[in-house]
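Below: one structure in structure tokens.
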There are 2 protein chains.
Amino acid sequence: MSQDLPVSFTDIALAAVRIEGHVHHTPVLRSRRLDAILGAEIAFKCENMQRIGAFKARGAHNAVLALDDAAAARGVVTHSSGNHAAALSLAAATRGIPAFIVMPENAPRAKVESVRRLGGEVQFCAPTITAREAMADAIAAERGATLVHPYDDLLVIAGQGTAAMELLDEVGPLDAILAPVGGGGLMSGTAVVARHMQPAIRIIASEPEQADDAFRSWQAGERLAGDPPNTIADGLRTMLGSNGFTILTALLDDFATVSEAAIVEAMRLVWEVMKIVIEPSSAVPVAALLERKVDLKGARAGVILTGGNVDLDQLPWQAG
Amino acid sequence: MSQDLPVSFTDIALAAVRIEGHVHHTPVLRSRRLDAILGAEIAFKCENMQRIGAFKARGAHNAVLALDDAAAARGVVTHSSGNHAAALSLAAATRGIPAFIVMPENAPRAKVESVRRLGGEVQFCAPTITAREAMADAIAAERGATLVHPYDDLLVIAGQGTAAMELLDEVGPLDAILAPVGGGGLMSGTAVVARHMQPAIRIIASEPEQADDAFRSWQAGERLAGDPPNTIADGLRTMLGSNGFTILTALLDDFATVSEAAIVEAMRLVWEVMKIVIEPSSAVPVAALLERKVDLKGARAGVILTGGNVDLDQLPWQAG
């Protein structure tokens, strides 16, 4: 089965070797009190403490470090205004090559500054998906830069899988592993590595109800466009990629969708009880446990907390 | 020298054995980016992730677990509305004995509920120090309950020292160790253990400028009452205890005081960069580094992050 998939366990193992020393081996945390509330024994993989504050550092470093010197010298390009833009800028700076980051002209000033601080060259475009993709393609053609897609690039997927690899390596046998799905890069890498390392593990995806294209695609057996995503989990407002669809169709055991209220409640609970800062996307699998959307009573499960980049001036449980 | 002090390294080593399994061995975290900002290499001991969200769990468990069965059966009593009240309630519940917690009648509802949730019996008194102490003494006399002072009790000081013991044990030789001073329990335990384990280490206390009685006492060589404390660091609004004064006078190398603005800035910086939730008291030694109040350029230092109990609805960098 998994030998037919676009990303193999070997690809992820190679990624782990490639990115070692460039990204953090993040801590795994546990909480007795949260276990009591969630009714299961949870090991949290803290990618919020990863470089640039999100797991995206893994995939971006893998893609940049895998380039041969000639290709690397021409740089990399992507379209993103989120964590992938910061991650690719950092990875390119580490290798001493240019990173061209296409952003909509209305991107928040803070995100533009953050990418520039990391050495990325921001190129503005009109705020449409077509304009973004066209400009990224144009830069790739003109400069010979390598396009590194935020979630459907195979090296990116392999890099994201290293988080689950570290988790399973550290905590041993688990009954289940949970992560959120946006474009599907993290969930795909997680699924490949988990199925290989612990064949009997339950692989559970999670998504906001209000951005459930991956859930509906998985149910239907074909990629469906959802309604326009309208979720507080800003990292998950993307559509499932084509490679992600192939991998998740083959490997997922279960898929939970959660309400916006549950996401905010789970996020706040993690801050209060675990004393860590997570972004709304990270709270999605926790919300699935909190709402008992998956039956894991008494089970040992791993949850990947994907990132911790939030605006501390405007928290989702505060009005206004 | 340290053999004349009220608490010895042996007392702390015994505390470590006594409380093992009852409190968490908390993680030590590092941050490349924060090191760059602070100009030193820092190992952060995360007592914000301790049970009840603060190092106070250590001292309270040591005091409760050290009681003989007859004394234990009569319970423990303290006056506190903060982390020590929660810690003593938890420790008493673990041992199955009553904890009487004297609180001012105007204590915030959330703190009263938190103590009750942990099994503490709340006794209200008039909101003055005299009334608090009188009621605690009365309960001790009537019930035969043991008074466990929040910071000047010798078993409490010994218990608090176990945090630094774990830190030094884990990270090896350091140039300096920093912690904040409120009543002096944590700083005293830290100083005793650090001087014993690494005799050449610089032991550095820190305090808000607006609650600097310990700093002025240390300078003067006698315990001085300060102005009424007026700091956002609510855990440090207490006066240095008498045992704490003796220990700190003997062992401190340096003492930094910091502004309120620096405390808030340091707190926010730790949330943003390290993705962990710390309370203002925890930010005080970080503020001392941030403001370069102590010369630690290029040094390796340990910082004890004391707790993470904050009101998430009202953060200090938010107006109103």
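If every alpha-carbon in the stretch A:57-147 counts as one equal scatterer, what log10 I(q)/I(0) does Debye give at q = 0.15, 0.16, 0.24 1/Å?
-0.48, -0.54, -1.18
Pairs of lysine in chain B with Cα under 26 Å and at least 8 positions apart or on different chains: total?
10
Provide the per-residue ³J(HN,Hα) series for the stretch B:139-153, in order, calculated from phi with Karplus coefficients 6.51, -1.76, 1.60 and θ = phi - 60°, each as a whole number of Hz, with x at glycine and proline positions.
In residue order, the calculated couplings are 5, 4, 5, 5, 8, x, 6, 8, 6, 10, 5, x, 9, 9, 5 Hz.
Could you give me the ³J(HN,Hα) list for the stretch A:181-190, computed from phi with Karplus coefficients 6.51, -1.76, 1.60 and θ = phi - 60°, whole Hz, x at Gly and Pro?
10, x, x, x, x, 5, 5, 5, x, 4
Using Cα-Cα distances under 8 Å and only pairs 6 or more residues apart, what relative contact order does the stretch A:192-266 have, in percent? Before the final figure, lay out the partial values.
Numbers: 99 pairs, mean separation 31.3, N = 75.
In percent, rounded to a whole number, it is 42.
I would also like to ask the following. Kindly rank B:14-21, B:59-66 from highest to lowest mean number of other beta carbons found within 10 Å of each residue.
Numbers: B:14-21: 17.4, B:59-66: 28.2.
The peptides rank, most packed first, as B:59-66, B:14-21.
Relative contact order for chain B: what percent, with Cα pairs under 8 Å and sequence separation of 6 or more?
After rounding, I find 21 percent.
Roughly how tilted is helix B:280-290, in degrees to the nearest 10 and between 0 and 90, from the longest Cα axis of chain B?
20
So what is the orientation-averaged projected area of chain B, using the convex hull of its C-alpha atoms, in nm²?
Over every viewing direction, the Cα hull of chain B projects on average to 15.1 nm².
5 Å is the cut-off here: which amide hydrogens, built 1.01 Å from N in the peptide plane, fall below it relative to A:SER80, excluding neighbours closer than 5 in sequence?
For A:SER80, the qualifying residues are A:VAL102.
Tell me what chain A gives for mean residue ellipticity at 222 nm when only DSSP H runs of n ≥ 4 count, each as -39,500 (n - 2.57), the sum divided by the residue total, rounded to 500 deg cm²/dmol.
The per-residue figure over chain A is -14000 deg cm²/dmol.
A further question follows. Could you tell me what percent of the DSSP beta bridges with both partners in the stretch A:57-147 are antiparallel, to the nearest 5?
Roughly 0 percent of the DSSP beta bridges within the stretch A:57-147 come out antiparallel.
Further question on the same structure: Distances in nm, one decimal, shortest first, from B:ARG32 to the same residue in every other copy, taking the label point 7 angstrom along Cα→Cβ.
3.6
Here is a follow-up. Give the average, rounded to an integer, of partner chain Cβ atoms located within 10 angstrom of each Cβ in A:231-237.
0
Would you mind checking which residues have amide H under 5 Å from A:CYS125's amide H? H placed 1.01 Å from N; only 5 or more apart, or other chain.
When sequence neighbours closer than 5 places are left aside, the close amide H contacts are A:MET103, A:GLU105.
Normalised by the number of residues in the stretch B:57-147, what is the relative contact order in percent for Cα pairs under 8 Å and 6+ residues apart?
33
Could you run the Karplus curve 6.51 cos²θ - 1.76 cosθ + 1.60 with θ = phi - 60° over the stretch B:296-303 and give me ³J(HN,Hα) per residue in whole Hz, x for Gly and Pro?
10, 3, x, 7, 9, 9, x, 10
Taking amide H positions as placed in the peptide plane 1.01 Å from N, state which residues far from A:SER206 in sequence (5 or more) or on other chains have amide H under 5 Å from it.
The answer is A:ALA179, A:VAL181, A:ALA256.
Shifting gears a bit: In whole angstrom, and with the biggest value first, how far do the Cα coordinates of the protein assembly as shown range along each principal axis?
Reported extents, whole Å, longest axis first: 79, 50, 43.
Roughly how crowded by other chains is peptide A:267-274, in terms of the mean Cβ count from those chains within 10 Å of each of its Cβ atoms? Mind dumping the intermediate values first?
Numbers: counts 0, 2, 0, 1, 6, 7, 4, 6.
Taking the mean over all residues of the peptide, I get 3.
Something else: What are the distances, in nm and sorted shortest first, from the label point of B:ARG143 to the label points of the same position in each other copy, with each label point placed 7 Å from Cα along the Cα-to-Cβ direction?
Result for B:ARG143, in nm, nearest copy first: 6.9.
Taking only Cα atoms, what is the 0 to 90° angle, nearest 10, from helix B:83-95's long axis to the longest principal axis of chain B?
Result, in degrees: 60.
Quick check: the angle from helix A:154-171's long axis to the longest principal axis of chain A, C-alpha only, nearest 10 degrees?
The answer is roughly 30 degrees.
While we're looking at this one, here's another question. Just order B:227-233, A:143-149, B:284-290 by mean Cβ neighbour count inside 10 Å, highest at the front, would you?
Averaged packing, sorted descending, gives the order B:284-290, A:143-149, B:227-233.
Quick one: what do you get for the stretch B:201-320 if you divide its Cα Rg by 2.2 N^0.38 Å? Before the final figure, lay out the partial values.
Details: Rg = 14.4 Å, N = 120, 2.2 N^0.38 = 13.6 Å.
Taking the Cα Rg and dividing by 2.2 N^0.38 Å, one obtains 1.06.
Given label points at 7 Å from Cα along Cα→Cβ, what nm distances, shortest first, separate B:ARG292 from the same residue in every other copy?
So the label point of B:ARG292 gives 5.8 nm to the other copies.
Computed from the coordinates by the stated procedures, all read-outs in this text should not be read as laboratory data. Everything numeric in this text was worked out from a predicted model, so none of it was measured. No Cβ is skipped: glycine too gets one built from the backbone with ideal geometry, and neighbour counts run over all protein chains shown.
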